[in-house]
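Below: the structure, in structure tokens.
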Amino acid sequence: MSSPNYRHLAEEQSYQLELEPDQWARLDYQREGNVLHLNHTIVPPSLRGKGAAAMLLEFALKDIDEQGLMINPVCTYVQSYFCLLYTSDAADE
């Protein structure tokens, strides 16, 4: 696996991650004011199970935070990510 290539295509309202040549995972959103509705995560079958969705989401969340925006986690993967994150944090306390 080569090093990850991230990009944010604001005009397409999409964050993308390339882990293999021409194999892109996508996190699509809709912007409404200062809120990004994270609608859909798409990972090609060849990239599934390798942490691509989590890597992409972490990249997107960092960028969103740097822009001072808020999120609405519509996508079930994003919702699950936050549930696991907060469950893990609570278990560590």
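The values are calculated or read from the model by the stated rules, or taken from the named source; none is laboratory data. If you're wondering where the values come from, they're calculated on a predicted model, not measured in any experiment. Glycine gets a Cβ as well: all are built from the backbone with ideal geometry, and neighbour counts include every protein chain shown. Quick note on the areas: whole protein, heavy atoms, side chains included, nothing else; ligands and nucleic acids left out. Shrake-Rupley method; radii C 1.70, N 1.55, O 1.52, S 1.80 Å.
Quick look at the numbers
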{"quantity": "For the chain, size of Cβ-based charge dipole, Lys and Arg +1, Asp and Glu -1, in debye", "calculated": "260"}
{"quantity": "Spatial extent of the chain: Rg and Dmax, with the Cα atoms as the point set, Å", "calculated": "13.4, 42"}
{"quantity": "Descending semi-axes in whole angstrom, ellipsoid equivalent of segment 22-61, from the Cα gyration tensor", "calculated": "22, 10, 7"}
{"quantity": "Furthest towards positive pole of dipole, LEU9, PRO21, LEU36, structure part the chain, Cβ charges", "calculated": "PRO21"}
{"quantity": "Accessible area expressed per residue, segment 5-93, with surrounding protein chains retained (probe 1.4 Å, Å²)", "calculated": "60"}
{"quantity": "Mean separation of Cα contacts under 8 Å (6+ apart) over length of the chain, as relative contact order %", "calculated": "22"}
